[in-house]
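Since the structure comes first, as structure tokens, the remarks are kept for the end.
The values are calculated or read from the model by the stated rules, or taken from the named source; none is laboratory data. These numbers come from a predicted model, not from an experiment. Cβ placement follows ideal geometry from the backbone for every residue including glycine, while neighbour counts extend to all protein chains displayed. Surface areas here come from the heavy atoms of the whole protein model, side chains and all, with no ligands, DNA or RNA. Shrake-Rupley method; radii C 1.70, N 1.55, O 1.52, S 1.80 Å.
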Amino acid sequence: MSLTQIYRLTTALAVLLTAALTSVLFQPARLITGYLQEYPEVRLMHLDDAVIGLLLALILLLAFELYQARRLYKVSQKLKQHRSRHAQLLDRLPYAIAELDNQFRIHHHNNGLQTLQNTLGEQAIRQQITALSQQFSQLASYDPAHLEQWYTDSKGEPHCIEWQLYRSGGNYFLAGRDITRRLAEQNKLTIAERILENTPIGVLVADTNKRIQYINPAFEQVTGYCSQEVLGRSPAMLSSGKQGPEFYSEMYDVLEKEGYWQGEIWNRKRNGDIYLEWLSITSLKDDHGKATHYIGMFSEFTAQELVKEKLRTLAYYDGLTSLANRALFNDHLKRMLGQIRSKKLCVIFIDIDGFKRINDSLGHPVGDQLLVAIAKRLKEHSRDSDIIARWGGDEFIMAIEVSDSHQGVEQFCNKHLYQLKQPFIIGGRELSITASMGVSIHGDDARSTSELIRNADIAMFQSKKLGKNRFEIFSPSHHEELMESMEIENRLRIAIKEQQIDVHFQPQIHQPDNSIIGLEALARWHDPIIGPVPPQKFIRIAEETGLIHELSVLIFQTSLERFKALQLVDPHLMLSVNLSATQLQESYLPETLKHITGNLSIDPARIKLEITEDVLMSDIERSISNTSQLKELGFQISLDDFGIGYSSLSYLKDLDIDEIKIDRSFVNGLNNSDRNKAIIQAIVAMSQVLSIDCIVEGVETEAQLEELTRMGCDNFQGYLFHKPMPEAELSTILSH
Ligand code: C2E
Ligand code: MG
Ligand code: MG
């Protein structure tokens, strides 16, 4: 029975009840009026009241009925709105929903169901869902109903729907949702999880605060730690202490910059054992590129692998600097040659200038530390793709690829020359070095790896020759020069052995009386095969090849023997002997010179040792120590080629210099250059103030002599007076 029917029945009953009540209420009045026969109007009045009462009750009931009908209408309207909102809401849900009665007849369904079952329409209402679609035919037999169904949509894409049936009172609710994506994700995760759980590679996930968030079983197996012991802790708990803090800060630096790091690392297990592992760390980033996690994957080196690794390291890496060695460099270079496409491959040979001096003066341990620091600096200022190797001793070699061969490699060399010049702090001591570099470019003059390396080496020699602390790009002329140098070296060895080196003497003149006050001994070599070789050339080669020691002793010995003979002609003569750049740094020098002078009974006070400024300045402390030893032995010191180098006056007093020789380059353009005049005048004035003798070399003309005399010079050496000559010739001149 509906609400309205109940209401109407109640109303009818109420009317009857009111009428009955009214007649009951008026009954006593009717009795009274029966006795009062003579008041018939009273009875009349009684009847009217009953009718009026009935009418009133009816009106009241009617009003009440109207009020109720209005209220019902409002409620039904609200219900309608509510239903429509409910339906809209249901339609918007990402589910397919149907309300079914106990016979599985559809009472209501949302659009979701219609989309999935495009056969459904309005006509589906009150129809049995089990009969409407094949897929629901078995619905009744599922209890609790839960089923997954695959279907292919209009675009041909497969979908999986998960259906669920709920019982509510006598009715059912059927809800279905598309779980295709969730299934795929789950699937992926399950595979990843399974891989993580089963891989023999240890995996660790840490957040950016370096707190461990996850470890896999392999991690537990290798380290011996279980998850409870490591979760929330820092990966540093595994650190063995074998690698210093710089190692880790460098590792995190690379990780931050590149998002990836890999390498060997020594870690400690739970039982205290130290083991070597190969670790790669990747940073996991969010959509904005911000790192959220670090994933570390590692595998322990087995004993066999460790031995193999050790052998590989020994065979391919330099033990001191850990850089690649020659063999590995050759391998890398071959590989680079094979892969080269549009870029240019350059090989750069690097030799540290004067490294032997550092080794000799400060000892090999300091030299070794310096080499390690040099290797580190070379690496720091190179790209990962550049190959750096230690070639041996103080020689390094690099292979780089550049797009614009000349400009690119020039920039590269300048950068490294600059970086190597910056002081190194070794054992609390500041050390400064320079390097000489030689470059060869693939395709220009070299095609094979051996040609590339050889040419770079030749170019490096060239940059040494041209003054060091520079780079040279190989040119075929360098090769010719190298061949020539090699021939000179071979011939020089023979010349020294067979004592073929001669000495000529150039007189030094005192004005105004034109007297010969001294002689400069100048080495001369006329080889029977290659002919005359200028002293500057063979002395440089002797320095480069280490022949300088024997050569210098030979020249010194010969000069003094000849001088001994000349002293017989003029006992007041002084002899100037040149010392080479490397000689002054050698600790044996004072003793050797003392020995030779002693043997020939020549007073060292008669000997002036000519040294150049750059030799002094390259190691001022050692120079001061050596010159003071020489001075103690009685030798005099002359500063040769003065004015072209540092020309620093401060060390003249410290070194206790006896004489300055003004370089001939100032005399050359003297008559046309005010600048040269000013320099000579300043040097002369300074020597007078410091009471140091001064001599001008390279005087060739009367005009120069006049000008120099006007400036206050009185000691000269030059072609104007005499060219260097053999002892016999000089002897004749002296005896006149
Ligand atoms: P130096 O010590 O400055 O020697 C002077 C050079 O100038 C000599 O050249 C000499 O021949 C040259 N000379 C002298 N007067 C004149 C002149 O008026 N005009 C010109 N144009 N040149 C003049 P040399 O003999 O060729 O020697 C060149 C350099 O080789 C020397 O420069 C010196 O640095 C080095 N040297 C020569 N002999 C020896 C030696 O026995 N030992 C060492 N360590 N170096 C030597
Ligand atoms: Mg000289
Ligand atoms: Mg000179």
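With a requirement of 3 or more residues that are within 23 Å of HIS549 (Cα to Cα) and not hydroxyl-bearing (Ser, Thr, Tyr), the strands (runs of 3 or more DSSP E) lying completely within the stretch 409-521 that satisfy it span 502-510. Determine, yes or no, whether THR612 is within 51 Å of the chain's Cα centre (by Cα), at pLDDT 80 or above, within 16 Å of ligand 1 (Cβ to nearest atom) and not basic (Lys, Arg). When the stated conditions are applied, THR612 passes them. Residues in the stretch 529-557 that are more than 16 Å from ligand 3 (Cβ to nearest atom), without any contact (Cβ under 8 Å) to a residue 24 or more places away in the chain and either open to solvent by 40 Å² or more (accessible area, probe 1.4 Å) or under 26 Å from ILE660 (Cβ atoms) (or both): 2 in all.
The numbered conditions (1) surrounded by fewer than 17 Cβ atoms within 10 Å (Cβ to Cβ); (2) part of a loop (DSSP other than H, G, I, E, B); (3) within 16 Å of ligand 1 (Cβ to nearest atom) are all true for GLY712 except (3). Residue selection: ILE425 fails the criterion of being under 24 Å from SER322 (Cβ atoms) and open to solvent by less than 40 Å² (accessible area, probe 1.4 Å). Within the stretch 385-442, the set of residues being among the β-branched types (Val, Ile, Thr) and within 22 Å of ASN330 (Cβ to Cβ) comprises ILE387, ILE388, ILE397, ILE400, VAL402, VAL409, VAL439, ILE441. Scanning the stretch 402-414 for residues that are open to solvent by less than 60 Å² (accessible area, probe 1.4 Å) and within 24 Å of LEU370 (Cβ to Cβ) turns up at least one hit. Across the stretch 294-311, the qualifying residues are those that are under 25 Å from the mean Cα position of the chain (by Cα) and surrounded by fewer than 16 Cβ atoms within 10 Å (Cβ to Cβ), and the one among them that is modelled with the lowest pLDDT is GLU309.
Yes/no matrix, rows are residues, columns are (1) within 21 Å of HIS108 (Cβ to Cβ); (2) of a type outside the set (S, T, N, Q):
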position: GLN149; (1), (2): no, no
position: PRO158; (1), (2): no, yes
position: LEU165; (1), (2): yes, yes
position: ILE179; (1), (2): no, yes
position: GLY202; (1), (2): no, yes
position: PRO217; (1), (2): no, yes
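Taking LEU165 as the residue in question, decide whether it is touching a Phe, Trp or Tyr at 6+ places or on another chain (Cβ under 9 Å) and either surrounded by 15 or more Cβ atoms within 10 Å (Cβ to Cβ) or farther than 17 Å from ALA96 by Cα (or both). Yes: the conditions hold for LEU165. Only one entry of ILE644, ILE611, ILE624 meets the criterion of being within 23 Å of LYS356 (Cα to Cα) and either open to solvent by 40 Å² or more (accessible area, probe 1.4 Å) or assigned to a helix (DSSP H, G or I) (or both), and that entry is ILE624.
Please find, within the stretch 657-699, the residue that is farthest from ASN626 (Cα to Cα) out of those that are open to solvent by less than 30 Å² (accessible area, probe 1.4 Å), of a type outside the set (Val, Ile, Thr) and within 14 Å of ligand 2 (Cβ to nearest atom). Among them, the one singled out is GLY698.
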